[in-house]
Amino acid sequence: MQIIHTVAELRNALKSQPAIALVPTMGNLHAGHIHLVTLARQHAPCVVVSIFVNPLQFGANEDLANYPRTLDADCEKLAAAGTDIVFAPGVEEMYPNYNAASHDLGQSMTIRSPAIAKELCGASRLGHFDGVATVVMKLFNIVMPQIAVFGKKDFQQLFIIRELVRQFNLPISIIAGDTVREPSGLAMSSRNGYLSPDQKSEAAALNACLRKIVDNIQQGGTDFAALEQAATQALNKTGWVTDYVSIRATGTLLPATVQDTRLVVLAAAKIGNTRLIDNIELSRS
């Protein structure tokens, strides 16, 4: 496995590859990421995993400085999973106008995400998805993959990346990897490392809350607003600070109506200082 830090070296290493699958990450890898790498291996002979903590998608009060950087441990896991190349650039490599003295990225040109980016997670993380879309477009232009693999846990992000590819006519197939979970049902996340043992046990309640909504809908429930409100109240009553619980149409990510048959139930909430997200897809007749 090669570990590459510059765009020039990466392009040189990839120039003879017939097909490439890219797995973009911010590092601090867990079994969910490795599942995406395994999925990528099924679709292309060369798998590139990027590890880059992207400043552009962090807000002023978010945890950029404290976000775990575990490159050595990540590379061990990726080598064991059969990764061909790890691309681990510095900020100055991804943002050519970066000013190290002022920490100004100098990125005056960015991708403007669609209106849906201002809802759900985007409502409390203004500009987050513009930052995600911009760095993903950079990675697509650098790596030039035929395949890119993203996890379903970040469902809104996956939706926006698919729109990015469609609207910019990019010759890239987006493969979605199912969410990998702890035995308790808790979705694996780099942020789970912030949880105390007691909080990690309690965190399984987020998925249980979503499953209760799914069960209700599959049994014929159609009062989506009431289901969302009841779930929010139940979480808050046990000490969570709920950002949202929302039932959406899978194809548009707009609020679901009784006419929609393919749905996704999404939630974001804080336990202690840690914000967790989760979702469950379902079909109804």
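The values are calculated or read from the model by the stated rules, or taken from the named source; none is laboratory data. Quick caveat, the model's predicted, so the values are computed rather than measured. Cβ placement follows ideal geometry from the backbone for every residue including glycine, while neighbour counts extend to all protein chains displayed. Ligands, DNA and RNA are stripped out before the accessible areas are found, and what is left, the full protein with its side chains, is counted by its heavy atoms. Shrake-Rupley method; radii C 1.70, N 1.55, O 1.52, S 1.80 Å.
For labels at ALA249 and ALA208 in the simple 7 Å Cα→Cβ model, what's the distance in nm? In this crude label model, ALA249 to ALA208 measures out at 3.4 nm. Run through the DSSP bridge list for the chain and note the antiparallel percent, rounded to the nearest 5. The antiparallel fraction comes to roughly 50 percent. Across the stretch 1-150, the relative contact order, built from alpha-carbon pairs under 8 Å that are at least six residues apart, equals 36 percent.
Just need the relative contact order of the chain here, percent rounded to a whole number, with Cα pairs under 8 Å and 6+ apart. Taking the mean separation of contacting Cα pairs over the length of the chain, I get 17 percent.
Average accessible surface for the stretch 1-159: 46 Å² per residue, computed with a 1.4 Å probe over protein heavy atoms with every protein chain in place.
Centroid-to-centroid, using Cα positions, the stretch 239-285 and the stretch 29-93 are 26 Å apart. Measuring between their Cα centroids, the stretch 99-146 and the stretch 154-179 lie 14 Å from each other.
With +1 on the Cβ of every Lys and Arg and -1 on the Cβ of every Asp and Glu, and nothing else charged, how large is the dipole of the stretch 179-285 about its Cα centre, in debye rounded to the nearest 20? Numbers along the way, then the final one.
Values: 11 positive and 10 negative charges, 27 e Å.
So the dipole magnitude of the stretch 179-285 works out to roughly 120 debye.
Taking label positions 7 Å along the Cα-Cβ direction at both SER184 and LEU71, the computed distance is 3.3 nm, reported to one decimal. Work out the count of Lys pairs in the chain where the Cα-Cα distance is under 22 Å, with the pair 8 or more places apart or on different chains. Taking the Cα cut-off of 22 Å, the pair count is 20.
Counted residue by residue at 0.36 nm each, then reduced by the alpha carbon distance between them, the extension gain from HIS103 to LYS237 reaches 44.1 nm.
With +1 assigned to the C-beta of every Lys and Arg and -1 to the C-beta of every Asp and Glu, and no other charges, what is the dipole magnitude of the chain about the Cα centre in debye, to the nearest 20?
Values: 24 positive and 25 negative charges, 95 e Å.
My answer is approximately 460 debye.
Roughly what % of DSSP beta bridges within the stretch 1-149 run antiparallel, to the nearest 5? Of the beta bridges lying entirely in the stretch 1-149, close to 5 percent run antiparallel. Summary value for the stretch 77-188: 18 percent relative contact order, contacts being C-alpha pairs under 8 angstrom separated by 6+ residues. With point charges of +1 on the Cβ of Lys and Arg and -1 on the Cβ of Asp and Glu, referenced to the Cα centre of the chain, which listed residue (ASN61, VAL86, SER196) lies farthest in the positive direction of the dipole? Most positive-ward Cα: VAL86. Among the protein heavy atoms of the stretch 25-98, carbon and sulfur supply 51% of the accessible surface, probe 1.4 Å, non-protein parts ignored. Surface composition of the stretch 208-285: carbon plus sulfur atoms contribute 49% of the solvent-accessible area (1.4 Å probe, protein chains only, all chains present). A Förster radius of 22 Å, combined with the Cβ-Cβ distance separating GLN259 from ALA225, puts the computed FRET efficiency at roughly 0.90.
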